[in-house]
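The values are calculated or read from the model by the stated rules, or taken from the named source; none is laboratory data. Remember, it's a predicted structure, so these values are computed and weren't measured experimentally. Note that we place each Cβ from the backbone using ideal geometry, even for glycine, and neighbour counts take in every protein chain shown.
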Amino acid sequence: MARRDTSFICQSCGAVYARWQGKCEGCGGWNTISEEVAVAASVPAAQRSGRKGRAVVLEKLEGTAKPAPRLVSGIGELDRVAGGGFVPGSILLIGGDPGIGKSTLLVQASAALAQRGLRVVYVSGEEAVDQVRLRAQRLGLEKAEVGLAAETNAENIIATLSGGPPVHMVVIDSIQTMWSDSVESAPGTVTQVRTSAQLLVRYAKQTGACVILVGHVTKDGQIAGPRVVEHMVDAVFSFEGDGGHQFRILRAQKNRFGPTDEIGVFEMTGRGLSEVANPSELFLSNRDAGAPGTAVFAGMEGTRPVLVEIQALVAPSSLGTPRRAVVGWDPNRLSMVLAVLDARCGVRLGGHDVYLNVAGGLKIGEPAADLAVAAALVSSLTGAPLPADAVHFGEASLTGAVRPVSQAQARLKEAAKLGFASAIIPSGGLDGLDPPVSVRPVSSLAELVAGIAASAPRRPAGRETRDSAMREARGSHDRNPPQRAVEHAEWGDDEER
Ligand SMILES: [Zn+2]
């Protein structure tokens, strides 16, 4: 079988090509494909050496499984995301933007585990030993018995770990700096990352140590993406946040030993990351209660209810194609809600810029936020503030109906705990519900819009656009022809000029 000596591998997703090309078909990235010395991955090593496989003993499904004792760090937010502590013999990947605080989190976790008498090794491939020491000093953790090394060769690391007494936990910071003698590609390439990760996976499974890999995610795909190791590890966590906020969110995207979509919330302080036990309180602090365009969404993050403020700003646009800007929510979902408001409720936003923001830097993935988003949009458009003590949740369908969502009881309980008195919820989800707050069920978005518009204040003259859109929203339940609102809005714009 004739084999090429080199192949072309996308450094972002690992797709392999026979020739170089500018764009990767696999992930759509530009200029991410580079030439690498091919490993004979398609021919198993056993076949090349001519060795026959060894027969393994087959087991029955029935049997006693030993529940793995977990390595509990005592950092509650971290342990919960891991599914109640780290599992010995497992390997997990923590990804995130550079500088977001992954190393800080893992130095804290290492020290916490070491203080509980476990043997922890921290291998830094990016920083010198002194830099890691400085970080530990800044965090006040320099007394913790953590084994420290600055090394990038995977074989050397495994030899070091195998030499001494058994290690409970190993942190590799980061997997992108690791390289192995067994392949000839340059360090940092997909082949090297994958091979090093394979060696560490084998080490974890053989020795029962828990291995944590740190992976940087860059948008331009210059560094080999940790995506290529995602399928090899037992759990993938992402560490999210941005420079403008103090909050950091650790999210389980994949976890063989625990629930996914679980989040841990941390706050970056001068002395490292501190746990945020009640994220709702944090996300609702500094709330502009009673301002038009804000709605409180009672959401679920994994098994935990989290209340956040949704902020919307709707303003007449001077552009041919109005702007739609979203932070913290799915832009496609916003387009859908706008289209449903337009088609089913007569709320014409085609001539308006729309800005949507989830306060506090949280990213919401739930369709249950539809109702809160629609309420915030209509509230901003009409200038009618929503009740400050109310929460919203419910999914909108394309027909304009509001659908029930899961975990309604937990959402309402969290709302009551934080002092909210009422909730606007889907009318279909009332069965078996024991609401701790007063509920206002709605069956359609039109019903929601009519309710908000009825409380809208009258605007001074000169705000024709807003006024006509508001009139339209008010009359929506009368099934006004939507065309009229457009004419009003355009006419209004002309007069303003
Ligand atoms: Zn790709």
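Quick notes
- Selected residue (only one of Ala423, Ala446, Ala469 is in contact with a His (Cβ under 8 Å, 6 or more places away or on another chain), at pLDDT 90 or above and assigned to a helix (DSSP H, G or I)): Ala446
- Taken together, the residues in the stretch 324-358 that are on the phi < 0 side of the Ramachandran plot and more than 25 Å from the chain's Cα centre (by Cα) amount to 14.
- Options Ala154, Ala128, Ala136, Ala150: the member that is among the hydrophobic types (A, V, I, L, M, F, W, C) and loosely packed, with under 13 Cβ neighbours inside 10 Å: Ala128
- Residue pairs whose Cβ atoms lie under 9 Å apart, separated by 6 or more positions or on different chains, with the first residue in the stretch 262-278 and farther than 10 Å from Arg248 by Cα and the second among the hydroxyl-bearing types (Ser, Thr, Tyr), are Glu262/Thr303; Gly272/Thr104.
- When the stretch 334-386 is filtered for residues that are closer than 24 Å to Ala252 by Cβ, part of a helix (DSSP H, G or I) and touching a residue at least 40 places away in the same chain (Cβ under 8 Å), the ones remaining, listed by number, are Ala359, Gly360, Gly361, Ala368, Ala369.
- Looking only at residues of the stretch 139-156 that are touching a residue at least 40 places away in the same chain (Cβ under 8 Å) and part of a helix (DSSP H, G or I), we find that the one that is farthest from Thr104 (Cα to Cα) is Glu155.
- Residue count for the stretch 116-138, restricted to those that are touching a residue at least 40 places away in the same chain (Cβ under 8 Å), among the polar types (S, T, N, Q) and part of a helix (DSSP H, G or I): 0
- Failed condition for Gly50, given (1) of a type outside the set (Phe, Trp, Tyr); (2) at pLDDT 85 or above; (3) at positive phi: (2)
- Contacts under 9 angstrom Cβ, first residue in the stretch 52-71 being closer than 30 Å to Gly117 by Cβ, partner assigned to a loop (DSSP other than H, G, I, E, B) and aliphatic (A, V, I, L, M), 6 or more apart: Ala68/Val87; Pro69/Val87; Arg70/Ala82; Arg70/Val87; Leu71/Ala82; Leu71/Val87; Leu71/Leu118
Here is a yes/no grid of residues against (1) modelled with pLDDT under 80; (2) on the phi < 0 side of the Ramachandran plot; (3) more than 16 Å from the ligand (Cβ to nearest atom):
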| site | (1), (2), (3) |
| --- | --- |
| Glu25 | no, yes, no |
| Ala41 | yes, yes, yes |
| Lys60 | no, yes, yes |
| Thr64 | yes, yes, yes |
| Leu71 | no, yes, yes |
| Ser90 | no, yes, yes |
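- Inter-residue pairs, beta-carbon under 9 Å, first closer than 15 Å to Arg194 by Cα and in the stretch 4-20, second within 7 Å of the ligand (Cβ to nearest atom) and in a strand (DSSP E or B), 6+ apart: Val16/Cys10
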